[in-house]
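The values are calculated or read from the model by the stated rules, or taken from the named source; none is laboratory data. Source: prediction; values computed, not measured. Using ideal geometry, Cβ is built from the backbone for each residue, glycine included, and neighbour counts are taken over all protein chains shown. The accessibility values were calculated without ligands, DNA or RNA, using every heavy atom of the protein model including side chains. Shrake-Rupley method; radii C 1.70, N 1.55, O 1.52, S 1.80 Å.
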Amino acid sequence: PRVQARNLLLLDLVLDSDISDGELWAAWYSLQLTRNQKDTICTALARLMRASEKRNGIESYFARSPNLSVSFHRPEDCEAVKAVFSRWDEASRNPALSVARLAKIRNEEMWKRLSHWVDDQDLLNSMARMVALNMHSQHIMLSSPFPDKEVRKELMRYFEAGLSQSSTASGPFDCVNFTLQDNTERYSLHYGSCPYEGYSRFSGPHGIQAAGTADAQPLHCLCLSFLSKWRVALQKSSKSVAVIVSTLDCLHLCQ
């Protein structure tokens, strides 16, 4: 249910033209948020909660977009999603975790799970080095030099605290992304996950460097450009391509 609820929340953010690509990225991937970014998520959550109060309210809410259909396989699925919305609303008002506590738990969990196969006291640096090496091997066929130093710095920033933010985002990042948090003191973002690995580094003739040679965050800049293009394409194609979000589909994929 949490995945289904998050998909609906993200879909609402994607379709909202008043929300920037940077805010969408932060809501999607970053464990740490600014107050304004948290408020953006809370506003979208409030819209969905108001819609869910009516019978078939969520389906009707998304039906305002041409050719977009949201359906629940069973009434229980809708109730489960509504329960997640309620838990998030409570977590947004009464956070169970501080950013500092979250970072401590994240580091402890990563060390516990990975220390048995990474023979290095500097665990986070080892992870960043391995991921960067994998990215470099994919990038090596391209003509431009690989910005290894900048990439490893970005990866370290993410592995250390789950922070995935644009360099133009002004902090402080003192709010926890409650949509990525369980009710307990465990984060639901996998310790080894990395949003940058979900996007292709092959963008035109220069790959990562296509995002801007002098950019301090070449990975983030490139991936954000992919997200922006995908978002524009989705908004344009909504007039000609039907998009169906169904909990039955989610169940089939899980099985």
More than 23 Å from the chain's Cα centre (by Cα) and exposed (fewer than 15 other Cβ atoms within 10 Å of the Cβ): is that true of A63 in this structure? yes
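Among the listed residues L97, L102, which satisfies the condition of being outside any helix (DSSP H, G or I) and open to solvent by less than 60 Å² (accessible area, probe 1.4 Å)?
Details: L102 fails: outside any helix (DSSP H, G or I).
Only one candidate passes the filter, namely L97.
Take segment 26-41 and flag every residue that is under 20 Å from L102 (Cα atoms) and in a helix (DSSP H, G or I). Before the answer, list the steps.
Initial filter on segment 26-41 (under 20 Å from L102 (Cα atoms)): 26-39, 41.
Within segment 26-41, A26, A27, W28, Y29, R35, N36, Q37, K38, D39, I41 meet the criteria.
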Among the residues of segment 37-58, is any touching a residue at least 40 places away in the same chain (Cβ under 8 Å) and more than 14 Å from A5 (Cα to Cα)? yes
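Residues are listed down the side, and each one gets a yes or a no for (1) at pLDDT 70 or above; (2) among the basic types (K, R); (3) under 25 Å from W111 (Cβ atoms):
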site	(1), (2), (3)
L133	no, no, yes
V151	yes, no, yes
R157	yes, yes, yes
A161	yes, no, yes
S164	yes, no, yes
G171	yes, no, no
N183	no, no, yes
R186	no, yes, yes
L189	no, no, yes
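For V81, are the conditions met, namely being modelled with pLDDT under 90 and open to solvent by less than 50 Å² (accessible area, probe 1.4 Å)?
Details: modelled with pLDDT under 90: no; open to solvent by less than 50 Å² (accessible area, probe 1.4 Å): yes.
No: the conditions fail for V81.
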Screening V81, V14, V3 for residues that are assigned to a helix (DSSP H, G or I) and either basic (K, R) or closer than 27 Å to Q217 by Cβ (or both) leaves only V14
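Listed here are the residues, each with its yes/no results for (1) under 27 Å from F159 (Cβ atoms); (2) open to solvent by 50 Å² or more (accessible area, probe 1.4 Å); (3) hydroxyl-bearing (S, T, Y).
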| residue | (1), (2), (3) |
| --- | --- |
| Q32 | yes, no, no |
| Q37 | yes, no, no |
| L48 | no, no, no |
| G57 | no, no, no |
| N67 | no, yes, no |
| E76 | no, yes, no |
| F85 | no, no, no |
Please verify whether S20 is open to solvent by 10 Å² or more (accessible area, probe 1.4 Å) and touching a helix residue (DSSP H, G or I) at 6+ places or on another chain (Cβ under 6 Å), treating the condition exactly as stated. no
